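J.: I have a structure here, written as structure tokens, and I will follow up with some questions on it.
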Amino acid sequence: MLDSDIGILLIEDDRVDIMTVQRAFRKNNVGNPLYIARTGVEALGMLKGVGHEKINPPPGLILLDLNLPRMSGIEFLEKMRSDPELRKIRIIVLTSSNEPRDREAAFKYEVDDYIVKPHSFEEFNRVIATVLAFWEND
Amino acid sequence: MRFFPAHALKSALLIMLRIPVMGLEWYQRKYGVKPHAPSRIGALWWGYFPVFLVAMLGLANTLYFFRQVSSSERQQVTSAFNGASQDRVLVVSREIESALATILDIATYFEASPQVRRREFRKFVEPAIKRQKGIVALEWIPVVKQQEREEFENNARRSFPPFSIKESAESGELVEASSHSEYLPVLYVQPYQQNRDLLGLDLASDRVISALFARSRETRQLQVSEPVILLDEQAKERGFTVSVPVFHPENDAADGEEEPTQARLSPIRGFAVGVYRIADIVERALESLSPAGIDIRFFDVTDKSGRVELYEHGSRQRTDADLTGRRKPAVRLSYVHDLSIGGRQWQIVCTPIPGSYQPDSWGGWVVMVGGLAFTVLLTIYVYTLVGRARKIRQLVELRTAELIDVNAALNNEILERRAAEKELKELNDDLEYRVVVRSSEAERRARDLEQFAYVASHDLKAPLRAISNLTDWISEDLEGKLNAESAEQLALLQDRVQRMNALIEGLLEYSRVGRTAGSDSLVDTHELLKEIVDSLSPPKGFTIKLGKELPVFHTDRLLLGQVFSNLISNSLKHHGGKKGRIRIECRKIGQFYEFSVSDDGVGIAPEYHNKVFMIFQTLQAKDYGSNTGIGLALVKKIVEEQGGWITLESQPGKGTLFRFAWPAEFNNKPDDEDTFTFPS
């Protein structure tokens, strides 16, 4: 069951990728609020209400890019998992890296999924649909 | 003895030579000057000092023993000579005493008898004359006063008729004695025959005899005269006269009084006289001794003015020749005995005849020569020893010096060796360091490549994806509003973006080979190939035939799959025909499985055989399909990373055959990177 108040936080620095996600959301008619953070630091600020408006209620899902400026996705994962308040939030890694190293590091921090960004939008659209379906079914 | 001064001189000389050397050495010790060259003389001196010492000691000892032996021999001879001389003096003295005793006996006889007749006198003296030798005459000479002359002459003529008192005239004849106050006539004389002329002779006229009588009367004792010359028929010989005074008996009234005092001296009665030939006394005495080669001479030394020779006894060992040349003063030996006899001083001098009582000098000289010879030999021996010791020392010094040199050379060599070793070690270290640097450099490069691949995967792919998405959205949003040309261009754009993406993916995959840890699993090759063929979905008209002997073995499934996938897709892509067959087979060669992938396509000209394995090398136009030129390079890399190899057999128009060897046993390559366990 999808509570329409529960939002999704996208942590992504690439504007085209943000647009891709937004477009995929529109295509899939997702009404839940989509919060966007451009860096890991900004995302943490938004989650804890430090320097940014706190996301309330906390997002039910975080879509995380790994290749981020200032604070890498892996570092962000570490912060999240070591914070008792935030550690329960589901995180799905959405990255362009297919490196086994990144994959292993991500799973070490108990991400729910590791999705390599599809090259074509069509595929991306399908992936987002799957993710949302997965989330709704949970 | 005569060597001593030379010896002393030599010693003194040596000591004087030594003094400056000692001074020099003292100076060197005190002022720390190293005694090297300057004390060479000193060293030489000390080196040969034992030789000198031995020579000196030997010489000194020889001389000492020579002297000892000589003096002992001399002493022996002297004592023998003295003994013999003493014996001679003794017997002669005894003989003389005996002679004197005879006269004393006569005197005593006269004193005991107031009247002695001529015959009684003869009887009394006869045994003495027979017994003794050397008696010239024994006489009785009474003292006759002038007034008694007549009576005396008359009495004497009773026993000897021609008697009268006589004296020697100027002419030498005996005449009737002239008138004197006192007469000393010879009354009795024995032996009579030789001395009858003496009867009646007044001896007071004789100077010598009267002096003798005067002494006798004065001392009232036996007196001996000075030497007299005896006129004998045979020879002129020395003799002496002995007189003993005889006095009238004491006063009858005072008879028995044994204390004669000067005041009560009895008047003289007469003299008992003996005349002796000293030669006979001496010779008679010496008869009792065996000849000993000693000359004996008798002197009367009473007069201070000079001595008078009484007699000379030539040794019975002398020959006549000796007697003639006897004055040879051969020896220093002499024995002198002083004899006090009747108021005279006699001297008996014994001397050895030449050739006797000579010390046997041989002993001394033998000792001397022997000692000197021994000394010389010993000195030579010691000299040789010292010389040898010096030589040995020099040799030792020489060898030591050589040894030091050799040692130094050896040390040098050791140092050089060490330096060389050190250099070698440094070189080695440097080499090792370089190897380490190189390998770390290689590692760094590999890391750089990884980094590049990582960057490429994110930073190249991201904008490409953005382009792709944006292109999609444009064509989606402008659907129906674009003319055909623009639509085709957008499609081309999409296609190139896809190509770019494929290239990047291939590059990433290529770089990832060898970086990732292999994972071991039991792989059924047949099943794996079926999966791959399915995923590749070959076009219609293509058949892929799998061999029957495809193995099931432990290996890295992913890598082996990549190889097959690339080879098969390569065959499909470059077959060149609408229909085709691809065969996959396997056989085991030692530790390897040799897989072969063959097709019946256009084939590859031999000149391109090497090129097909190089990255980004394609033999066809770029716009054909998704051929990136990475596939075969990736295959070659994977196979070689596994320790295998890959070959190509192909001719244009005759198809292509790839063979590759794959290890039959999984060998896990050591990997630096951490391995992660995936959550289930």
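The values are calculated or read from the model by the stated rules, or taken from the named source; none is laboratory data. Just so it is clear, the structure is predicted and the values come from calculations on it, not from any experiment. Note that we place each Cβ from the backbone using ideal geometry, even for glycine, and neighbour counts take in every protein chain shown. These accessible areas exclude ligands, DNA and RNA; they are computed on the full protein's heavy atoms, side chains included. Shrake-Rupley method; radii C 1.70, N 1.55, O 1.52, S 1.80 Å.
J.: For residue B:236, go through the lysines and keep the ones whose alpha-carbon is under 19 Å away, minus same-chain ones fewer than eight residues off.
T.: B:133
J.: Roughly how many whole Å is it from the C-alpha centroid of region B:379-432 to that of region B:585-610?
T.: Using only Cα atoms, the two centres lie 74 Å from each other.
J.: Same structure again: Inside 10 Å of the C-beta atoms of A:94-104, what's the mean count of C-beta atoms belonging to other chains? It would help to have the intermediate numbers written out before the result.
T.: Values: counts 0, 3, 9, 6, 7, 9, 6, 8, 3, 2, 6.
Taking the mean over all residues of the peptide, I get 5.
J.: Taking the Cα atoms of region B:518-663 alone, what are Rg (to one decimal) and Dmax (as a whole number) in Å?
T.: So, for region B:518-663, Rg and Dmax equal 14.5, 43 Å respectively.
J.: Separate question: Please report how far the C-alpha centroid of region B:127-192 lies from that of region A:10-31, rounded to the nearest whole angstrom.
T.: Centre-to-centre distance over Cα atoms comes out at 214 Å.
J.: In addition: Taking every residue in A:116-123, how many Cβ atoms of other protein chains lie within 10 Å of its Cβ, on average?
T.: On the way: counts 2, 4, 3, 11, 9, 8, 3, 0.
For this peptide, the per-residue mean of nearby foreign Cβ atoms is 5.
J.: Suppose only helical runs count, i.e. DSSP H with n ≥ 4. What mean residue ellipticity at 222 nm does that imply for the protein assembly as shown under -39500 (n - 2.57) per run, divided by all residues and rounded to the nearest 500 deg cm²/dmol? Walk me through the numbers before you get to the answer.
T.: Values: 19 runs with 396 residues, N = 818.
After summing the helix terms and dividing by the residues of the protein assembly as shown, the value is -17000 deg cm²/dmol.
J.: Ignoring ligands, DNA and RNA, what percent of the 1.4 Å accessible area of region A:8-137 is carbon and sulfur?
T.: Values: 2720 of 5960 Å².
Of all accessible area on region A:8-137, carbon and sulfur atoms account for 46 percent.
J.: A follow-up question, please. Dividing the Cα convex hull volume of region A:8-137 by residue count, how many Å³ per residue is that? Working shown, then result.
T.: Values: hull volume 13.4 nm³, N = 130.
So the per-residue Cα hull volume is 103 Å³.
J.: Can you tell me the length gained on complete extension of the stretch residue B:436 to residue B:312, counting 0.36 nm per residue apart and subtracting the Cα distance?
T.: Numbers: separation 124, 0.36 × 124 = 44.64 nm, distance 13.66 nm.
Difference between extended and current length: 31.0 nm.
J.: Going Cα to Cα from residue B:391, which lysines come in below 27 Å? Please leave out same-chain ones fewer than 8 positions away.
T.: Straight-distance partners of residue B:391: B:34.
J.: Could you compute how fast region B:364-440 diffuses translationally, taking Rh as the Kirkwood radius over C-alpha pairs and applying Stokes-Einstein at 4 °C with viscosity 1.567 mPa s? Give it in µm² per second. Could the numbers behind the result be given before it?
T.: Numbers: Rh = 18.4 Å.
D = 71 µm²/s.
J.: Projecting each Cα onto the charge dipole of region A:8-137 (Lys/Arg +1, Asp/Glu -1 at the beta carbon, about the Cα centre), which of A:57, A:130, A:89 comes out farthest on the positive side?
T.: The residue sitting most towards the positive pole is A:57.
J.: If you filter region A:12-57 for GluC sites (Glu not before Pro), then keep DSSP loop positions with at most 13 other Cβ within 10 Å, what is left? Don't skip to the end; give the middle numbers.
T.: Numbers: sites: A:12, A:42, A:53; in loops: A:12, A:53.
Qualifying residues, ordered by number: A:53.
J.: With just the Cα atoms defining each centre, how far is region A:39-65 from region B:438-500? Give it in Å.
T.: Using only Cα atoms to place each centre, the spacing works out to 30 Å.
J.: Averaged over peptide B:459-468, how many Cβ atoms belonging to another chain are found within 10 Å of each residue's Cβ? Write out the running numbers ahead of the final one.
T.: On the way: counts 2, 1, 6, 10, 3, 2, 11, 6, 1, 7.
Mean shielding count: 5.
J.: If you look at just the Cα atoms of the protein assembly as shown, how large are its Rg and its Dmax in Å?
T.: Final numbers for Rg and Dmax: 86.3, 244 Å.
J.: Among the GluC sites (Glu not before Pro) within region B:71-180, which fall in a DSSP loop and have no more than 15 other Cβ atoms within 10 Å of their own Cβ?
T.: On the way: sites: B:73, B:95, B:97, B:111, B:120, B:139, B:148, B:150, B:151, B:153, B:167, B:170, B:173, B:176; in loops: B:170, B:173.
Qualifying residues, ordered by number: B:170, B:173.
J.: With a 1.4 Å probe and all protein chains left in place, how much of the accessible area of region B:518-663 comes from carbon and sulfur atoms, in whole percent? Can you show the working numbers first?
T.: Details: 3860 of 7560 Å².
For region B:518-663, the apolar C and S fraction of the accessible surface comes to 51 percent.
J.: Okay, next question. Could you compute how much accessible area chains A and B hide from each other, both sides summed, with a 1.4 Å probe? Nearest 100 Å² is fine. Show your work: numbers first, answer last.
T.: Details: alone 7820 and 42240 Å², together 47640 Å².
Interface area, both chains combined: 2400 Å², rounded to the nearest 100.
J.: Could I ask something else about it? Considering every Cα-Cα pair within region B:69-137, what fraction, in whole percent, is farther apart than 15 Å? Write down the numbers at each step before the final one.
T.: Numbers: 1554 of 2346 pairs.
More than 15 Å apart: 66 percent of the Cα pairs in region B:69-137.
J.: So which lysines can residue B:145 reach, going by Cα to Cα under 27 Å and dropping same-chain residues fewer than 8 places off?
T.: Within reach: B:166.
J.: About its Cα centre, how strong a charge dipole does region B:416-549 have in debye, to the nearest 20, once Lys and Arg get +1 and Asp and Glu get -1 at the Cβ? Show your work: numbers first, answer last.
T.: On the way: 20 positive and 27 negative charges, 59 e Å.
Computed about the Cα centre, the dipole is about 280 debye.
J.: Let me ask something additional. Are any of the pairs A:27/B:540; A:117/B:636; A:48/B:461; A:117/B:637; A:79/B:636; B:588/B:654 more than 31 Å apart by Cα-Cα distance, and if so, which?
T.: Values: A:27/B:540 36 Å; A:117/B:636 29 Å; A:48/B:461 33 Å; A:117/B:637 28 Å; A:79/B:636 43 Å; B:588/B:654 26 Å.
Over 31 Å apart, Cα to Cα: A:27/B:540; A:48/B:461; A:79/B:636.
J.: When a/c reaches 1.5 or more, the comparison of a/b and b/c decides; with that in mind, is region A:1-78 rounded, prolate or oblate per its Cα gyration tensor? Write down the numbers at each step before the final one.
T.: On the way: a/c = 2.06, a/b = 1.24, b/c = 1.66.
Here region A:1-78 falls in the oblate category.
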